[in-house]
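S.K.: My questions will all concern the structure given below.
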Amino acid sequence: MADEADLGEMTDERGELHFLAALVDELMRTLQVAGVLSQAELNGVEQAVATRLGRPPRAW
């Protein structure tokens, strides 16, 4: 069973992952708005990531 130190580390890591996910979302959205990537290309990126993680992709 995890002790308090392990739980604290897990909470910190989860917070860092949420921060990085939000940062990536903002970057992808900015690339779309700037016309660097199309919605279809963003969906392709999302599909590739989802395939690697074994999860369903999100729609852009």
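Any read-out appearing in this document is the output of simple, stated calculations on the displayed coordinates, not a laboratory observation. Note that the structure is a prediction, hence the values are computed from the model and not measured. Don't worry about glycine lacking a Cβ; one is built from the backbone with ideal geometry, like all the others, and counts go over all protein chains shown.
S.K.: For the chain, state what percent of all Cα-Cα pairs lands in each successive 5 Å bin, counting from 0 Å until the bin that includes the largest distance.
M.R.: 4, 18, 16, 20, 15, 10, 8, 5, 3, 1
S.K.: Next question. Treating only the Cβ of Lys, Arg, Asp and Glu as charged (+1, +1, -1, -1), what charge dipole size does the chain show about its Cα centre? Round to the nearest 20 debye.
M.R.: 580
S.K.: Now for a separate question. Between helix 39-53 and the chain, what is the angle of the helix's C-alpha long axis to the longest principal axis, kept within 0 to 90° and rounded to the nearest 10?
M.R.: 30
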